[in-house]
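Enquirer: Have a look at this one.
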Amino acid sequence: MDRQPIVAGRFYDADPDKLNAMVDGYLALGGEQSQEITLLAMVPHAGYVFSGAVCGKTFGMANLADTVVLIGPNHTGRGERFSLWEEGRWHIPGGFLPIDTQLAKLLLESDPNIVADTAAHVGEHSLEVILPFLRQLAPASTIVPLSVSMPSLPVLKQVGQALGQTLASLDRPVSLVISSDMSHYISHDDAKKMDSLALDAAVNLDPERLYNTVRGHDISMCGVLPMTVGLYAALEMGAEKGELVAYATSGEVSGDFDQVVGYAGVLVS
């Protein structure tokens, strides 16, 4: 089953040439590319006018494998707690990225909580928005999309470790890309303060502290569940260091610093 884009023309340009030119401009904001394979990259998923620069700088500095497991939040509430799209292609304007069906099968076998399901994905934007960046970076990339809405930390840990052990056992590299925005609809200053607490845990590769910090401080980080899973997986894959490479809020674009959304780019290797 193929997936068609649902936010083209709203979150990003629906014209392929304009979209590609915009993405290229954002990717050019990245500094020197990492020499090590990026085990995990966390990027935002808002409209490009707001989060495109953070997303582009992060991806521009990453060194992603040719196969990427995409892990994002479930904003719609539909589908399974761990919903994996197992076959077909995900379309974006001017092209598509195919599902790595072999890897999808292995991940479905890695833990019984991971279920083949499309319902969580068809109306969800969080993974779609980052696909044009992946396609521009490496047009031959393959993907495995996973949506996460399980709130239980022990289950997130179990699935993350199973996912990481499976990826570590492969004879080829695979990168994780986590989709998450940070604080929502608070002041610019408050967002920077609150988000720094969560990001400190993330870059120190501490998924339990990230989860508990977000919950304990009521930080409206929509991708905390995917990032918790991703960090547990990355640790199983041998992750040793994390880095915050970009942070911004929507206020820096809109001029409204009273009600902002925060965006962060994190790289783990």
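Quick note: the coordinates plus some simple rules give every number you see, no bench work behind them. Bear in mind that the values here come from a model prediction, so they are computed numbers and not experimental data. Please note: Cβ atoms are built from the backbone with ideal geometry, for glycine as well, and neighbour counts cover all protein chains shown.
Enquirer: Scan around Leu40 for amide H atoms under 5 Å from its own, H built in the peptide plane at 1.01 Å from N, and keep only partners 5 or more places away or cross-chain.
Expert: Leu176, Val268
Enquirer: OK, next. Taking all pairs of different Cα atoms in segment 63-176, averaging 1/r and flipping that mean, what Kirkwood radius in angstroms comes out?
Expert: Evaluated on segment 63-176, it is 14.2 Å.
Enquirer: Also, quick follow-up: Please list, in chain and number order, the residues 5+ apart from Ala14 or on another chain whose amide H is under 5 Å from its amide H, with Hs placed from the backbone.
Expert: Under 5 Å from the amide H of Ala14 lie the amide H atoms of Gly9, each far enough along the sequence or on another chain.
Enquirer: Compute the Rg/Rh shape ratio of the chain: radius of gyration over Kirkwood radius, all on alpha-carbon atoms.
Expert: Radius of gyration relative to Kirkwood radius: 0.93.
Enquirer: In whole Hz, with x marking every Gly and Pro, tabulate ³J(HN,Hα) for segment 34-49 from phi via Karplus 6.51 cos²θ - 1.76 cosθ + 1.60, θ = phi - 60°.
Expert: Listing the rounded values in order: 4, 7, 8, 4, 6, 6, 8, 10, 10, 9, x, 9, 8, x, 4, 4 Hz.
Enquirer: Okay, next question. Can you give the Kirkwood hydrodynamic radius of segment 148-200 from its Cα pairs, in Å with one decimal?
Expert: 13.9 Å is the Kirkwood radius here.
Enquirer: Rounded to a whole number of µm²/s, how large is the Stokes-Einstein D of segment 149-269 at 4 °C and 1.567 mPa s, given Rh as the Kirkwood radius over C-alpha pairs?
Expert: The calculation lands on 88 µm²/s.
Enquirer: Which whole-Hz ³J(HN,Hα) couplings does segment 178-187 yield from phi under the Karplus relation 6.51 cos²θ - 1.76 cosθ + 1.60, θ = phi - 60°, glycine and proline marked x?
Expert: Those phi angles translate into 9, 9, 7, 8, 9, 4, 10, 6, 10, 5 Hz.
Enquirer: If you don't mind, there's one more thing I want to ask. Could you give each residue of segment 90-105 its phi-based ³J(HN,Hα) in whole Hz, using Karplus coefficients 6.51, -1.76, 1.60 with θ = phi - 60°, and x for Gly or Pro?
Expert: Here the 3J(HN,Hα) series is 9, 8, 9, x, x, x, 7, 10, x, 6, 7, 5, 5, 5, 4, 5 Hz.
Enquirer: Taking the Cα centre as origin and putting +1 on Lys and Arg beta-carbons and -1 on Asp and Glu beta-carbons, what dipole magnitude results for segment 32-160, to the nearest 20 debye?
Expert: 260 debye
Enquirer: Something else: Along the charge dipole of segment 16-268, pointing to its positive end and built from +1/-1 on Cβ of Lys, Arg, Asp and Glu, which listed residue (Gly79, Pro145, Val260) has its Cα farthest out?
Expert: Towards the positive end, the residue furthest out is Gly79.
Enquirer: Same structure, new question: Under 5 Å between amide H atoms, partner at least 5 residues away or on a different chain: which partners does Ala246 have, H built in plane at 1.01 Å?
Expert: Close amide H contacts, sequence-distant or interchain: Gly265.
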